[in-house]
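Enquirer: Sharing a structure with you now.
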Amino acid sequence: MVKEMIFGTVGGLGLFLFGMGLLSDGLKKVAGQKVRKLLSALTKRRIIAVLVGALTTCLIQSSSATTVMIVGFVNAGLLTLKQALCVVLGANIGTTFTAWLVSGLGVFEITIYSLPAVGIGVLMQMVGKTQKIRNIGQILLGFGILFTGLDFMKGSFSPLQDSERVQEALIWLGQNPLLAVLAGAIVTMLLQSSSATIAMVQILAFNGAFGSDWTVALRVAIPFILGDNIGTTITAEIASIRTSLAARRTARGHTWFNVIGVLYMLPLVWFGLFGNIVESITPFGLSQGTIMVHIAVAHSTFNVLNTVIFLPLIHWLEAIVVKTVPAKAKDAIAKPVVLEEHLLETPVIAMDQARRAIVRMAKTAREAVNQAIEGLDEDDRGKLALTQETEDAVDNFQYEITSYLAALSRKELSAELSVELPVLLHTVNDLERVSDHAVNIAEIAERKIEQKISFSDFAQTEAAQLKNEANEMFDYISAALENNDIEAARSALNNENNLNRMQMDFRRSHVQRMTDGVCSPQSGLIFIDLVDNIEKIGDHLTNIAQAVIGGLRWDGVEPKISTGS
């Protein structure tokens with residue numbers, strides 16, 4: 001019996017988590033840009049931020065995914081810490097939707113539809129002619145696998161109904177709220193899914209593992225639910241490692257919100273008052289058929305009540321987070337990409353605002369390139385990880401500026417602004433491609449570290465020369481964009497000529513070193529990839545320089561196209 005229970009539980013849990021992943025990914029693909037726009041369009045109004053967090057989590061079926069996304073947005077400077085904390089509060093409400101979905105097992109025979117959902121989902125993915133149909137097929141497939149997994153767990157846990165020892169152990173654990181909270185937190189941390197933990201608690205209760213006295217069973221289950229809310233914060237904490245100060249503070253805010261909520265809720269749980277509240281607000285009588293619903297109500301009640309209490313005190317939560325996650329000398333908080341929409345009615349000012357944002361984008365792209373080259377030279381994985389995060393920030397710049405300029409293009413513009421706008425769009429795209437090449441260099445560096453390859457002194461000297469030349473070109477480009485400095489732009493073209501010459505000379509000299517046995521073929525390939533990527537970065541910066549020289553008009557000058565990813 002024990003063997004069947006273990007196999008059924010492990011297999012059912014695996015199917016549940018796999019199905020939840022498919023469902024979540026499918027929903028994110030269908031929601032796609034809408035979810036991003038929803039999050040990016042947050043205002044300073046707290047209630048709207050909470051609603052957006054709740055709705056987003058309902059859409060993508062994962063509070064962890066929402067919180068990790070928010071950490072990424074803060075890291076990129078798209079949201080302030082206070083905005084992010086409000087969204088996190090909402091995410092905790094949205095995650096309770098899964099418990100309501102699972103509670104259908106105890107009221108309706110949802111599992112009879114799981115296998116047809118798997119079949120239809122696979123069919124839609126195989127024969128779907130559009131990506132939208134295939135994504136919907138993935139959602140159905142995830143839904144079917146999820147409930148199939150739940151059915152396996154339900155069947156595996158059913159023998160616990162007849163095991164008095166197991167019942168006594170679980171009841172004893174549940175009657176010691178601190179231990180039950182700790183157990184719930186640990187299980188959730190291990191599974192990396194609060195939904196899975198809640199589902200397991202619901203099924204255990206339904207199968208009588210907490211006893212046949214359903215009032216006792218509810219009170220035993222509640223502390224596990226509280227622990228689940230603490231355990232789910234580990235995902236965001238992991239995601240915030242090596243991110244910006246504001247992003248780390250967002251993740252810690254999520255943790256403090258749940259920990260403090262559990263602490264002040266524990267006395268109510270200890271004396272049975274929380275269970276009484278749940279019973280009084282649930283429209284169904286407490287029985288085996290409704291125990292899952294009652295647990296879902298308890299989960300929702302905790303998160304809604306916690307949010308209602310914290311929302312007016314969000315300044316205090318922010319202060320706690322700032323105090324417990326102090327700034328270090330190396331920390332630099334990314335500033336939000338602020339492009340005021342009300343200025344669109346004054347196109348001249350709006351365009352100037354976009355130009356300033358592009359200058360910031362250029363400086364961020366330069367930072368990504370330097371992090372990648374330094375990481376390669378020093379075999380520093382920390383700097384290589386920062387490269388990807390900085391590239392994400394550049395991507396966010398591209399999205400925000402492009403969206404803003406697209407909105408501006410729909411206004412009545414002067415002839416001069418109409419000509420300048422598409423050139424700025426191309427500039428934004430060139431800067432984004434620069435950061436892509438920085439990521440390419442970071443990937444090359446990872447290969448160098450994994451294969452334990454080292455550069456010769458000659459190669460290190462040449463890499464330093466490339467970096468210095470690229471940095472000087474960035475200096476000129478930033479000055480050209482910021483001050484409309486045509487002379488700086490012309491100087492940048494000289495740097496491009498130097499980079500082209502270096503590419504040919506360094507390729508030739510490195511091939512000679514490989515021939516002489518000074519460098520290995522593996523190091524040679526990596527070095528040549530580095531040279532080529534920096535030269536392509538110079539191509540994209542050249543496009544920007546030529547645009548500035550032309551007065552942000554094409555004037556018959558075609559932008560250079562750099563191939564490669």
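The values are calculated or read from the model by the stated rules, or taken from the named source; none is laboratory data. Please read all numbers here as calculations on a predicted model, not as lab measurements. Note that we place each Cβ from the backbone using ideal geometry, even for glycine, and neighbour counts take in every protein chain shown.
Enquirer: Does region 519-561 hold any residues that are of a type in the set (Gly, Ala, Ser) and at pLDDT 75 or above, and which are they?
Expert: The answer is 520, 523, 524, 538, 545, 547, 550.
Enquirer: Among the numbered criteria (1) in a loop (DSSP other than H, G, I, E, B); (2) under 20 Å from residue 89 (Cβ atoms), which single criterion is violated by residue 327?
Expert: The number of the failed condition is (2).
Enquirer: Being within 13 Å of residue 523 (Cβ to Cβ) and within 25 Å of the chain's Cα centre (by Cα) narrows it down to one residue among 401, 453, 444, 449; which is it?
Expert: 444
Enquirer: Follow-up question, since we're still on this one. Is at least one residue of region 405-424 under 18 Å from residue 533 (Cα atoms) and out of contact with any Asp or Glu (no Cβ under 6 Å at 6 or more places or on another chain)?
Expert: Within region 405-424, none of the residues are under 18 Å from residue 533 (Cα atoms) and out of contact with any Asp or Glu (no Cβ under 6 Å at 6 or more places or on another chain).
Enquirer: Of the residues that sit in region 470-488 and are surrounded by fewer than 18 Cβ atoms within 10 Å (Cβ to Cβ) and polar (S, T, N, Q), which one is nearest to residue 370 (Cα to Cα)?
Expert: That would be 471.
Enquirer: Something else now. Can you name the residue in region 349-388 that is under 23 Å from the mean Cα position of the chain (by Cα) and polar (S, T, N, Q) and is also surrounded by the most Cβ atoms within 10 Å (Cβ to Cβ) among such residues?
Expert: The qualifying residue surrounded by the most Cβ atoms within 10 Å (Cβ to Cβ) is 387.
Enquirer: So which pairs qualify, if the first residue must be in region 379-394 and in the same structural domain as residue 526 (by TED's automatic domain parsing) and within 9 Å of residue 368 (Cα to Cα), the second must be surrounded by 18 or more Cβ atoms within 10 Å (Cβ to Cβ) and modelled with pLDDT under 85, the Cβ gap must be under 7 Å, and the two must be at least 6 apart or on different chains?
Expert: The qualifying pairs are 389/75; 389/243.
Enquirer: Taking the residues in region 513-550 that are of a type in the set (A, V, I, L, M, F, W, C) and free of Cβ contacts under 8 Å to residues at least 40 places away in the same chain as candidates, determine which candidate is surrounded by the fewest Cβ atoms within 10 Å (Cβ to Cβ).
Expert: The selected residue is 525.
This table checks each residue for (1) modelled with pLDDT of 85 or more; (2) within 29 Å of the chain's Cα centre (by Cα); (3) closer than 22 Å to residue 94 by Cα.
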| position | (1), (2), (3) |
| --- | --- |
| 233 | no, yes, yes |
| 261 | yes, yes, yes |
| 274 | yes, no, yes |
| 284 | no, no, no |
